[in-house]
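*Asks:* One structure follows; several queries about it will come next.
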Amino acid sequence: MATLIGTMILAIGLPAWAGITYVGLVRARRGDELPPPRPPRSRRSPARKAAWVAGLAYLAGGAVHVYGLSYLPFLFPEDACWFGVGIKAYPDSSSALPVSLVCHGIEVVPWWVNPGLLAFALIAVTATVTAVVLAVRHPRGHARPR
């Protein structure tokens, strides 16, 4: 029991005491005044917001495409049909764009993969063009009229 109590003192009490002592030393060296306030952050420009949207759309579209490619046959084509449909046969056709794998007339890739790719591609391209137009129209150094 004494060992358990000693271990708890060392595990909890010693680090807490060291932290309190460190904070006290820092305050003694710096004084008790509050830290200076941080200067206000500049607001994000519309171009930067559009660039963030474009980046996220590119990332999400890439993830959907990689997910769709996971259905395609790479090393053993007959295994793609086996795991997708349950038929041990060579696929009728497969394509990376649009993502498609057909086994005995049955589409194996989920129906939402290609519309999702199209939607993310449109969002990404639109946001990229918007970001470029806004960045060129309103350079960072110039003030915009409100």
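The values are calculated or read from the model by the stated rules, or taken from the named source; none is laboratory data. Given the structure is predicted, the values throughout are model-derived calculations rather than measurements. All Cβ positions, glycine included, derive from the backbone under ideal geometry; neighbour counts span all protein chains shown. Remember, those area values only see protein heavy atoms, side chains included, never the ligands or the DNA or RNA. Shrake-Rupley method; radii C 1.70, N 1.55, O 1.52, S 1.80 Å.
*Asks:* If you take the residues in segment 71-96 that are open to solvent by 80 Å² or more (accessible area, probe 1.4 Å) and of a type outside the set (A, V, I, L, M), which one is nearest to W112 (Cα to Cα)?
*Replies:* Taking segment 71-96 and keeping what is open to solvent by 80 Å² or more (accessible area, probe 1.4 Å), we get 74-76, 82-83, 88, 90, 92.
Those still in the list that are of a type outside the set (A, V, I, L, M) too: 74, 76, 82-83, 88, 90, 92.
Numbers: F74: 22, F76: 25, W82: 21, F83: 19, K88: 25, Y90: 24, D92: 21 Å.
Applying the filter and picking the extreme gives F83.
*Asks:* Kindly check whether there is at least one residue in segment 35-45 that is assigned to a loop (DSSP other than H, G, I, E, B), at pLDDT below 75 and open to solvent by 60 Å² or more (accessible area, probe 1.4 Å). Full working, then the answer.
*Replies:* Narrowing segment 35-45 to residues assigned to a loop (DSSP other than H, G, I, E, B): 35-45.
Next, from what is left, pick out any that are at pLDDT below 75: 35.
Okay, now just the ones that are also open to solvent by 60 Å² or more (accessible area, probe 1.4 Å), so 35.
Scanning segment 35-45 turns up at least one residue that is assigned to a loop (DSSP other than H, G, I, E, B), at pLDDT below 75 and open to solvent by 60 Å² or more (accessible area, probe 1.4 Å).
*Asks:* Take L117 and decide whether it is closer than 30 Å to L134 by Cβ, open to solvent by less than 80 Å² (accessible area, probe 1.4 Å) and in contact with a strand residue (DSSP E or B) (Cβ under 8 Å, 6 or more places away or on another chain).
*Replies:* yes
*Asks:* Restricting attention to segment 72-121, which residues are assigned to a loop (DSSP other than H, G, I, E, B), under 30 Å from W52 (Cα atoms) and among the aromatic types (F, W, Y)?
*Replies:* Taking segment 72-121 first, the residues assigned to a loop (DSSP other than H, G, I, E, B) are 72-76, 85-92, 97-98, 104-105, 108-112.
In the following step, the residues that additionally are under 30 Å from W52 (Cα atoms) were identified as 97-98, 109-112.
Of everything in segment 72-121, those that are assigned to a loop (DSSP other than H, G, I, E, B), under 30 Å from W52 (Cα atoms) and among the aromatic types (F, W, Y) turn out to be W111, W112.
Yes/no matrix, rows are residues, columns are (1) closer than 30 Å to A57 by Cα; (2) polar (S, T, N, Q); (3) over 32 Å from the mean Cα position of the chain (by Cα):
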{"position": "Y71", "(1), (2), (3)": "yes, no, no"}
{"position": "G86", "(1), (2), (3)": "no, no, yes"}
{"position": "A89", "(1), (2), (3)": "no, no, yes"}
{"position": "S94", "(1), (2), (3)": "yes, yes, no"}
{"position": "E107", "(1), (2), (3)": "yes, no, no"}
{"position": "P110", "(1), (2), (3)": "yes, no, no"}
{"position": "V113", "(1), (2), (3)": "yes, no, no"}
{"position": "L118", "(1), (2), (3)": "yes, no, no"}
